[in-house]
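Laboratory data are not the source of any read-out in this text; all were calculated from the coordinates shown. Just so it is clear, the model here is predicted, and its values are computed rather than measured. Neighbour counts are summed over all protein chains in view; Cβ atoms, including those assigned to glycine, are modelled from backbone coordinates with ideal geometry.
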Amino acid sequence: MGVPWYQETVTGETQILSSRIRLARNIKKYPFHQKLSAQDAYAMIDEITESVVHANNHKFFHQLNIQALSNTERSVFLEKHIVSFELLQGNLPKGLLISDDQNISVMLNEEDHIRIQSIQAGEGMSTAYEVANRIDDLIEERMEFAFHVDYGYLTACPTNVGTGMRASYMIHLPCIEKSGKMKELLPKITKFGIELRGIYGEGTDSIGDIHQISNRTTLGKSEEDIIQGLQNVTKIVLEQEMQARENMLVTQRSALEDSIYRAYGLLKHSRIISSKEAMAHLSNVRLGYSMGLLTEQHPPKQIYQIMMEIQSGHLQRLAGREMQEQERDIARASYLREIFSKVV
């Protein structure tokens, strides 16, 4: 059995944290989400589950009842990028199929009937697409998708019509942020049909200088075209980040090193720390390691895994109870002190 993508050592402390493919599909015989009855929703979830869970060679999937999950468990799934905000909202029955390594999930009755998601560590876009496409084929062997000969796959949101595919990288852009170049960058990439989103996708903010970069539309393009276009623009963005890093080394080296070492010290010794502050410090530490400026030995986990595990859901699951904000800030500081005292 594999391990979750964020535990893969291939990520190192490089600019690309993960590669993700998401496929949106709807079943032809059922009304779209907005018109779907609870009875049909249950029937659809059962049919799709049967197609995936009980198919040969795909027994590593298991089914979860979203409605039965606690608030803490829901937060953990969101923080791990296993589910979307949309799946956790609304009153209609929802379904979730998840692989044992948590790198593949099939969200049922989100904005569309089916959202297949495949995540790989680092630059693993081709593998992410191959895996998602295999699950897509598995379902289509048993169920007919809503498809138009001229437009492609039909989806609840017009921007997904066509391939129904979103390809995205999660990338770390600390020096573009520090240099104030982000506002200049955004319109440049938008004209290529690419957009930068927050750490949890559409409608969310960047935290810890982490962004998702993805295609905006799918109509009139092949899957290969979408992936190639995203890769080309991402390469340009990452080159801009490296240029910003080099410029800061020349013009602001002392200040840059100071911010990195201050961040390391605060993470190692703080007694109370908010999520926002911790994420900013972790971003600086990650930058320090990736640039070779931080000579302290590495903590036993990838920095992004630490970023994930200091969020409220993970902290509350570790504590075994829900906590108030100040309790979480104290627990977060305690967790970080323990992690940064275990360098290897």
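A crude spin-label estimate for the pair Cys157 and Arg271, with each label 7 Å from Cα along the Cβ direction, gives 4.5 nm.
Charge dipole (Cα centre; +1 on Lys/Arg Cβ, -1 on Asp/Glu Cβ; no other charges) of the stretch 160-270 amounts to roughly 160 debye.
In terms of overall dimensions, the chain has a Cα radius of gyration and Dmax of 20.9, 64 angstrom. Judged by the mean number of other Cβ atoms found within 10 Å, the most tightly packed of the peptides 30-41, 264-275 leads the ranking 264-275, 30-41. The length gained on full extension between Glu224 and Met323, counted as 0.36 nm times the residue separation minus their Cα-Cα distance, comes to 31.1 nm.
When only the Cβ of Lys, Arg, Asp and Glu is charged (+1, +1, -1, -1), the dipole of the stretch 59-142 relative to its Cα centre reaches about 300 debye.
Between Ala132, Tyr169, Phe192, the Cα set farthest toward the positive side of the dipole of the stretch 5-242 (charges on each charged residue's Cβ, about the Cα centre) is that of Phe192.
With the simple model of a label 7 Å out from the Cα in the direction of the Cβ, Gln297 to Met182 spans 3.5 nm. Look at the dipole of the chain built from charges on Cβ: of Thr218, Ile21, Pro299, the Cα furthest out on the positive end belongs to Pro299.
In deg cm²/dmol and to the nearest 500, what is the mean residue ellipticity at 222 nm of the chain if only DSSP H runs of at least 4 residues count, each as -39500 (n - 2.57), divided by the residue total? Taking each H run of at least 4 residues, the total per residue is -14000 deg cm²/dmol. The charge dipole of the chain, taken about its Cα centre with unit charges on the Cβ atoms of Lys, Arg (+1), Asp and Glu (-1) only, comes to about 740 debye. For the chain, the longest principal axis of the C-alpha atoms and the axis of helix 325-340 are separated by about 70°. Sorting the segments 278-287, 73-82 by their residues' average number of neighbouring beta-carbon atoms within 10 angstrom, most packed first, yields 278-287, 73-82. Candidates Val237, Gly2, Thr251 compared by Cα position along the dipole of the chain: farthest toward the positive end lies Thr251, with charges placed on Cβ. Between Phe147 and Phe32, the simple label model (points 7 Å from Cα in the Cβ direction) yields a spacing of 1.9 nm. Multiplying the residue separation of Glu257 and Lys342 by 0.36 nm and removing their Cα-Cα distance gives an extension gain of 28.4 nm. Between Arg317, Arg22, Arg115, the GNM of the chain built on Cα springs shorter than 10 angstrom shows Arg317 fluctuating the most.
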